[in-house]
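Structure first, commentary second.
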């Protein structure tokens, strides 16, 4: 359990955002109590602008008044500050691999899948091809491990929350079959382990509400 | 002799390879420097970096580490007790801050500089270089706040942000040659002017930054190769 001696932990986030959700998951895994404020990006709060003047985005973690932005950077900060249930290995090579895969998720894999789900008629075929290539990269990486981190859930698994949960919702709305048991059995199996993990299960946003939220965006 | 069994697959022109080289230098590490010709990628290279097929790649024994910022952190962690200075700060918040600015530089500085240098039309060039000027103003501010009056972003010694930014110095000098405008505005970014000098002449950096004239030739060849 985290110590709670005058410690103030605040998360500025958006409930539907996988990036914001990563921070909820990490804090919950470590048992760190925190205050959450929902941000409206169309009407940014003074605090958001104060704490992240460079990007003006969420999530932002504020620890004892000190702000940290960018979800992967926040995750490492959390892991270094609250040492129970470590998200990263102590071994430098394992850490380098975890950082590489988290970055690859953000730079290459998530954008490819996101683009495919929101693509128009014209770009659809190519976008879907790229999304499937991206999922193949993950399929080759997960192999027969329970989690990307090995036996226990780690940084990469949290960073892959979009893959474990959001993808199913978005692909259904888009009428696509990207991540399926048939096409990517290992990633599919990992996603089931992920969403059934006791802490993760409680930390993910409710499926119906998330579906409705993205469905509404799709109709705009 | 590479007693640590270290190889760096890099390219003299690449700021990212330069970044890894500076980190190796700070930690006093011997390594075999293998310059990749990106048009005929070696087997070692392709095996080591299957996802991105990019340089640099650090090979330590049988381990391959990709992405320059990740390589720097790896080097800093493996050799943290060899008597050489640490590259990242020891405090968790300062580390987060260093990583934030490192990522900012690789996003905003890299893109505005590269897009400005290789933009085909004048309006685009102007727009990108204006953005670059904004980025440099911001980094001037960060330097003033984080250096504690010392030479570097890391304080007395070169740190993570210094390396993240400093590896672009030669390319900023290329821009200087192309545009005729100084890389760092002496009126608007006086601290950066001093910092650049201190960085380039630091013993750990000497000999690693590519010569501007050589890089200019390289940049001209790259620009000529862009399909019109």
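Shape class of the range A:1-134 from the alpha-carbon gyration tensor: oblate, with a/c at 1.5 or above and b/c at least as large as a/b. Per Stokes-Einstein, at 20 °C and 1.002 mPa s, what whole-number D in µm² s⁻¹ belongs to the protein assembly as shown, with the Kirkwood radius over Cα pairs as the hydrodynamic radius? D = 91 µm²/s. Its relative contact order, with pairs defined as Cα atoms under 8 Å and 6+ residues apart, puts chain B at 19 percent.
The label-point distance for residue A:122 and residue B:141, in a model that sets each label 7 Å from Cα toward Cβ, rounds to 3.8 nm.
Annotation: for a label point projected 7 angstrom from Cα along Cα→Cβ of residue B:157, residues of the range B:82-124 with backbone N closer than 16 Å are B:82-91, B:95. The helix-only estimate of mean residue ellipticity at 222 nm for chain A, built from DSSP H runs of length n ≥ 4 each weighted as -39500 (n - 2.57), is -16000 deg cm²/dmol after division by the residue total. Taking only the Cα atoms of chain B, the ratio Rg/Rh comes out at 0.96, with Rh defined as the Kirkwood radius.
Sort the range B:169-228 into rounded, prolate or oblate with this rule: let a ≥ b ≥ c be the square roots of the eigenvalues of the Cα gyration tensor; rounded if a/c is under 1.5, and if a/c is not under 1.5, prolate when a/b is larger than b/c, oblate otherwise. Oblate shape, in that a/c is at least 1.5 and b/c is the bigger or equal ratio.
Peptide packing: for A:40-46, B:81-87, the average count of neighbouring Cβ atoms within 10 Å per residue gives the ranking B:81-87, A:40-46, highest mean first.
Between residue B:197 and residue A:49, what FRET efficiency comes out of the Förster formula 1/(1 + (r/R0)^6) with R0 = 30 Å and r the beta carbon distance, rounded to 0.05? Plugging the Cβ-Cβ distance into 1/(1 + (r/R0)^6) gives 0.30.
Under the rule a/c < 1.5 gives rounded, and otherwise a/b versus b/c splits prolate from oblate, where does the range B:121-228 land using the Cα gyration tensor? Since a/c reaches 1.5 but b/c is at least a/b, the shape of the range B:121-228 is classed as oblate.
Compared with the alpha-carbon gap, the fully stretched path from residue B:93 to residue B:134 is longer by 12.2 nm at 0.36 nm per residue. Cβ crowding within 10 Å ranks A:22, A:10, B:173 as A:10, B:173, A:22, fewest other Cβ atoms first. For the pair residue A:219 and residue A:192 in one chain, pulling the backbone fully straight at 0.36 nm per residue adds 6.8 nm over the alpha carbon distance. When only alpha carbons of the range A:131-195 are considered, Rg and Dmax amount to 11.1, 34 Å. Axis angle, to the nearest 10 degrees, between helix A:121-142 and the longest C-alpha principal axis of chain A: 60 degrees. Calculate the length of the line joining the C-alpha centroid of the range B:153-228 to that of the range A:70-128, in whole Å. Distance between centres, Cα-based: 30 Å. Going from the fewest other Cβ atoms within 10 Å to the most, the residues A:71, A:217, B:170, B:191 appear in the order A:217, B:191, B:170, A:71.
Compared with the dominant principal axis of the Cα atoms in chain A, helix A:207-219 is inclined by about 60°. Here the Gaussian network model covers chain B, with springs between Cα atoms less than 10 Å apart; of B:178, B:153, B:13, B:178 fluctuates the most.
Counting other Cβ atoms within 10 Å as a rough exposure proxy, the listed residues B:184, A:147 run A:147, B:184 from fewest neighbours to most. Against chain A, whose longest principal axis comes from its Cα atoms, helix A:92-104 is set at around 60 degrees. Only helices enter the 222 nm calculation for chain B: every DSSP H run of n ≥ 4 contributes -39,500 (n - 2.57), and dividing by all residues gives -16500 deg cm²/dmol, rounded to 500.
Laboratory data are not the source of any read-out in this text; all were calculated from the coordinates shown. Fair warning: this is a prediction, and the values are worked out from it, not measured in the lab. As a convention, Cβ positions derive from the backbone with ideal geometry for all residues, glycine included, and neighbour counts pool all protein chains shown.
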